[in-house]
1. Could you list the square roots of 5 times each eigenvalue of the Cα gyration tensor of region B:75-150, that is, the equivalent ellipsoid semi-axes, sorted largest first and rounded to whole Å?
2. So how far, in whole Å, is the C-alpha centre of region D:180-235 from the one of region A:40-82?
3. Net charge near D:I210, counting Lys/Arg +1 and Asp/Glu -1 over other residues with Cβ under 12 Å of its Cβ?
4. Have a look at the DSSP beta bridges in chain D and tell me what percent are antiparallel, nearest 5.
5. At a Förster radius of 60 Å, what calculated FRET efficiency corresponds to the Cβ-Cβ distance of A:D54 and C:E84, to the nearest 0.05?
6. When the helices in the protein assembly as shown are scored as -39500 (n - 2.57) per DSSP H run of 4 or longer and the sum is shared across all residues, what 222 nm value do you end up with, to the nearest 500 deg cm²/dmol?
7. Per residue of D:170-182, count partner chain C-beta atoms within 10 Å of its C-beta, then hand back the mean as an integer.
8. Place a +1 charge on the Cβ of each Lys and Arg in region D:159-249 and a -1 charge on the Cβ of each Asp and Glu, then give the dipole magnitude about the Cα centre in debye, rounded to the nearest 20.
Number of protein chains: 4
Amino acid sequence: MSDGIRVTVWNEGKHEQSNPEAQKVYPQGMGHQIAQSLEGRPGIASVRVAQLHDPGQGLTDEILETTDVMTWWGHMAHHEVSDENAEKVVRRVVDAGMGLVVLHSGHMSKPFRALLGTGCMLKWRVWNEEGERERIWVVDPAHPIADGLPECIVLDKTEMYGEHFDIPQPDQQVFISWFQGGEVFRSGCCWHRGAGKLFYFRPGHETLPIFYNEQVLQVLYNGVRWARPTRIAGGLKRDMHPDPPEKIG
Amino acid sequence: MSDGIRVTVWNEGKHEQSNPEAQKVYPQGMGHQIAQSLEGRPGIASVRVAQLHDPGQGLTDEILETTDVMTWWGHMAHHEVSDENAEKVVRRVVDAGMGLVVLHSGHMSKPFRALLGTGCMLKWRVWNEEGERERIWVVDPAHPIADGLPECIVLDKTEMYGEHFDIPQPDQQVFISWFQGGEVFRSGCCWHRGAGKLFYFRPGHETLPIFYNEQVLQVLYNGVRWARPTRIAGGLKRDMHPDPPEKIG
Amino acid sequence: MSDGIRVTVWNEGKHEQSNPEAQKVYPQGMGHQIAQSLEGRPGIASVRVAQLHDPGQGLTDEILETTDVMTWWGHMAHHEVSDENAEKVVRRVVDAGMGLVVLHSGHMSKPFRALLGTGCMLKWRVWNEEGERERIWVVDPAHPIADGLPECIVLDKTEMYGEHFDIPQPDQQVFISWFQGGEVFRSGCCWHRGAGKLFYFRPGHETLPIFYNEQVLQVLYNGVRWARPTRIAGGLKRDMHPDPPEKIG
Amino acid sequence: MSDGIRVTVWNEGKHEQSNPEAQKVYPQGMGHQIAQSLEGRPGIASVRVAQLHDPGQGLTDEILETTDVMTWWGHMAHHEVSDENAEKVVRRVVDAGMGLVVLHSGHMSKPFRALLGTGCMLKWRVWNEEGERERIWVVDPAHPIADGLPECIVLDKTEMYGEHFDIPQPDQQVFISWFQGGEVFRSGCCWHRGAGKLFYFRPGHETLPIFYNEQVLQVLYNGVRWARPTRIAGGLKRDMHPDPPEKIG
């Protein structure tokens, strides 16, 4: 485990450029707000923002190799992330143990779908352009991602995401959401993939001030800490034809 | 659930063409032997063999749409299966609920890797060209795939597969193998993926008569029955923006 | 696997004796209604009702030894089931593979709590003595217990059960409920315990006609089929000090 | 999460009193050796030893209420732990989130069996009174309990534990063991139970110097850190009949 977690907040950064509503909510960009919420917290060594319009789409080897945990928010430009860069993110998770914290509409991003193997589609709705109430219930109070939260997080105005959410059953289900309109959703989901860990957290529309909510930010911070890399001494040996460690016959 | 299971045994069919050792063990092809073992068993409606050298690589729409459960054996020609055909198999599992039973070296096939999201690599060894002893222990005796088996299946001459096996933690772990040379392996693994089910079973080298072993064949049959499709009335509605079923506000 | 499933519907049978509302809904007792819904369905060999006021509390050795799957409904008299009888049910599940399908308020029954190891408590509410609306969403469409159901079962008048439900994370989560009053609940939960299988299904208040709903009854039938015993040839050998099957040194 | 973890090493302490072999290996008692290995490591606030022959069996309210994580080793005197004290340990895990790290023969202890709900029996063997070789393979390299370990821990002389191990499928399977004599075993198992976490680790016979092995001690330390309590602000509300947080009708 590294001494402190080096976080990269990957942010698509498109809505903030084109949508005045999004600019009003996140004048410096959503990535900036997420990064700021993590900076200086115990166990966090560094936080930087990387965006789609950065050189190398913010996914250069230099960035990936110096990232312990990456958070990911994208929505309208999933297809613009190159297949090669998406594959590099997947490999960094599976082979090198980088943690990946995928937020909200990131459920349709290339790395998330490749890591899960399913379609990852769902139902969605923004009611009257303002949203509806969501209640996010803790169902696994022993999980470190639930630490410090109340038994229920209430978001008064949010976008609805509804089942069926086409994901593999999470290894650990931390939160389940209730929506005013009648739907439920598996809102906090953990998986291990190879050497790495993957956490999905549902809230976070581009024009709703979700990432100012202190409890949402606590979940993000907890998720980043949970997703930090572990290290196998000497590495894992696969793709090999070993001599038998024990004598045969 | 259909009245009986329509099985397609997909077989790469390469070793049988080029390797006299493989021909000796499976003179009519490995696919034929697997198919024959399933035919006429309770609950099985039909069994056919499809191979890589068949029209459409044995993966035509007509075949996929009339298959409830597909078994898959491949090894030296994983790369020859077209990306398009591999994707069709994945979609048939995730979206339509086709069961997929992946055997032995099929762990590196395109559909298996895409459905799991990890590298799926492992260690391997054929000792003295004859193999070594494997003991396949049942660890989940309540699982239907273990039905009718003894607590341990012993294969005297087999290829070793060893950890780390780069797969997501199985939803259900049915078997764990011991090998003479000092390795262990998660040999019987179950996952759900979307509407479909996926079972991986380890034994089965091309030049060893594994698919004549009655207990191995019992596992295959159990796996096919476990993987049969289920049906949601009216289908699953995703990728949509529904009106709220409940009144809001 | 036995040729057909021998089902015992265990029913507390207290409310029907003392509460006119319960008598009106289930004039012959709730157990009778559940049993009737299972009789004659494919794969069901026999169905009988056993009740708390029967000899041996309906849990005699003769009954347990001829039961493949037991359904369990109890509420006001959990404490009257003797510790010895509860332990016999647990042993029959863990050691002999009997399936157990626990309904609604059975979550506080002695066998359920002993098999899970947690407190199994929850929140509850019957709104205005009539109940509120529940939407039971399928979250695992590949699971055989979801077979033949729509993506959502709607119960217009039901008792609310809310999180936190103090259970171990299910091995497989099939359903999640939404309630009008703002709660969610893990409504369909599967676990393996030793040689046996355990399914919990939430709906079923004593004065609400839940067990006349065709979709609820489909879930019960699916659950009984899923929970049927498997068989390890020769049995499982534990509590022993074996000679090593392999030569050491 | 508390600032540092307060650990109580619960030790049966019987073999050390009666068996000269055990005394030779652990002259100050096994508990002392385990405690010493944890003291002063990062994140550990305090470590104390509590034993069966202590007042209140080392399980007084004062001890339990000031313990964040308890390790447990017992073997010949499981039955001497009072039912009341075992139940207090279970409640402290489930209700208050105390972590429990159960070692080796602790698999038959009262708290472990009550928390899991199954029989927890297994096969065992000490070959030629000296033991045989065990290879403990990491199967979940992303898990924090595997941090800093090699892909395989080798113990040259150890007691064999073999499947079937009668436990519920672990929520996360970290290690699987290979034994010279032909058996495998699920050696590192994680479960959540209510507010608390439970880790089982296999090695540790009373007359073999297992708890001097640096890699074994690393697993213990990792397990203690993984099992530390989380905290739900305001606590979990169960066993209650709440007013609906949302307006009904």
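1. Numbers: eigenvalues 140, 89, 19 Å².
So the three semi-axes of region B:75-150 are 26, 21, 10 Å.
2. Centre-to-centre distance over Cα atoms comes out at 35 Å.
3. On the way: positive: D:K157, D:R202; negative: D:E134, D:D156, D:E159, D:E206, D:E214.
Combined, the nearby Lys, Arg, Asp and Glu give -3.
4. On the way: 25 of 45 bridges.
So the antiparallel bridges in chain D amount to around 55 percent.
5. Values: r = 69 Å, r/R0 = 1.15.
The value I calculate is 0.30.
6. Working: 28 runs with 232 residues, N = 996.
Using -39500 (n - 2.57) per qualifying helix, the result is -6500 deg cm²/dmol.
7. On the way: counts 2, 8, 5, 6, 0, 2, 9, 3, 13, 5, 7, 9, 14.
Other-chain Cβ atoms within 10 Å of each residue's Cβ, averaged: 6.
8. Details: 10 positive and 10 negative charges, 109 e Å.
The calculation lands at about 520 debye.
Computed from the coordinates by the stated procedures, all read-outs in this text should not be read as laboratory data. Every value quoted in this text rests on a predicted model; they were computed, and no experiment measured them. Reconstructed Cβ throughout: ideal geometry from the backbone, glycine too, with neighbour counts over all protein chains shown.
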